[in-house]
Amino acid sequence: MSVRILPPTVRVRDLVRTFTHKGVLNGLDLDIAPGEFVALLGRSASGKSTLLRALAGIDHEAEGSGEISLPERLSVIFQDARLLPWMRVLDNVLLGVSGRRDRGREALVEVGLAGREQAWPHELSGGEQQRVALARALVREPDLLLADEPFGALDALTRIQMHALLRRLSERHDPAVLLVTHDIDEAILLADRIVLLGDGLLVADLAVALPRDGAARHARIAELRALLRKLLGVEDAPADLAEPHAFPAIGGRRG
């Protein structure tokens, strides 16, 4: 029986981006498979957001070259929810989408905001605003979801809740996901695969593969955390909890 190999959802080859003659991306290659959740780590100013903006087609201020192949349907989530304050929640979800109010309501149910369709953005907490941003991304039924540190401004408890929500929704809708993050633990707990950016190139590519078994899971998390901290040049962390967050194992492609 033949096995059909699907082409990658994202294919990047020899991507170069410069700002005022300073190279940020220096010939980067990247593939992301359909439905794959990839976390992008790197030190500050390593070019993580530059790569995401290049994929989103919003890096107009940069010069560069290279080949980028993407699906037509993609959505972007930023650290700031970027809701329009003069539009109610449902209208923000459907911004740029016509005739899909029922689907917009369904998306709000999915992110836990049923009944808040007519609320104003200022009436929502930071976490609720990010849930609206996630609903706005999902209502477009993207084949690719680009997320630029979407939980960086949230408090720790809300961030944990949003982690679980994002992973659950990504498995239900099955887009390819590229998550830019500074948080090693966030990358480990959410992604199928972690790639590291350094000197404008991908310098490491790691499969996460977290087991479900408690002891084996904790050991794999500790192993990945130590390796990633070493690759990023971070000093050793205190040996405290093996599991970084109270975040349950979520089904699907993980280990």
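The values are calculated or read from the model by the stated rules, or taken from the named source; none is laboratory data. If you're wondering where the values come from, they're calculated on a predicted model, not measured in any experiment. Cβ placement follows ideal geometry from the backbone for every residue including glycine, while neighbour counts extend to all protein chains displayed. Heads up: the accessible areas ignore ligands, DNA and RNA and are worked out on the full protein's heavy atoms, side chains in. Shrake-Rupley method; radii C 1.70, N 1.55, O 1.52, S 1.80 Å.
See the values below:
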item: Exclusive hit being of a type in the set (A, V, I, L, M, F, W, C), open to solvent by less than 30 Å² (accessible area, probe 1.4 Å) and either more than 20 Å from residue 164 (Cβ to Cβ) or touching a helix residue (DSSP H, G or I) at 6+ places or on another chain (Cβ under 9 Å) (or both), set 113, 84; result: 113
item: Residue match in region 151-171 (condition: in contact (Cβ under 8 Å) with a residue 60 or more places away in the chain, under 30 Å from residue 29 (Cβ atoms), within 15 Å of the chain's Cα centre (by Cα) and open to solvent by 40 Å² or more (accessible area, probe 1.4 Å)); result: yes
item: Residues located in region 43-53, provided they are small (Gly, Ala, Ser), open to solvent by 10 Å² or more (accessible area, probe 1.4 Å) and more than 14 Å from the chain's Cα centre (by Cα); result: 44, 45, 46
item: Every residue from region 173-195 that is in contact (Cβ under 8 Å) with a residue 60 or more places away in the chain, closer than 19 Å to residue 71 by Cβ and open to solvent by 10 Å² or more (accessible area, probe 1.4 Å); result: 174, 192, 193
item: Residue ranges of strands (runs of 3 or more DSSP E) in region 11-82 with at least 3 members out of contact with any strand residue (DSSP E or B) (no Cβ under 7 Å at 6 or more places or on another chain); result: none
item: Residues (under 18 Å from residue 75 (Cβ atoms), open to solvent by 40 Å² or more (accessible area, probe 1.4 Å), of a type outside the set (Ser, Thr, Tyr) and assigned to a loop (DSSP other than H, G, I, E, B)) located in region 88-98; result: 95, 96
item: All positions within region 18-42 that are over 27 Å from residue 229 (Cβ atoms), among the polar types (S, T, N, Q) and open to solvent by 40 Å² or more (accessible area, probe 1.4 Å); result: 20
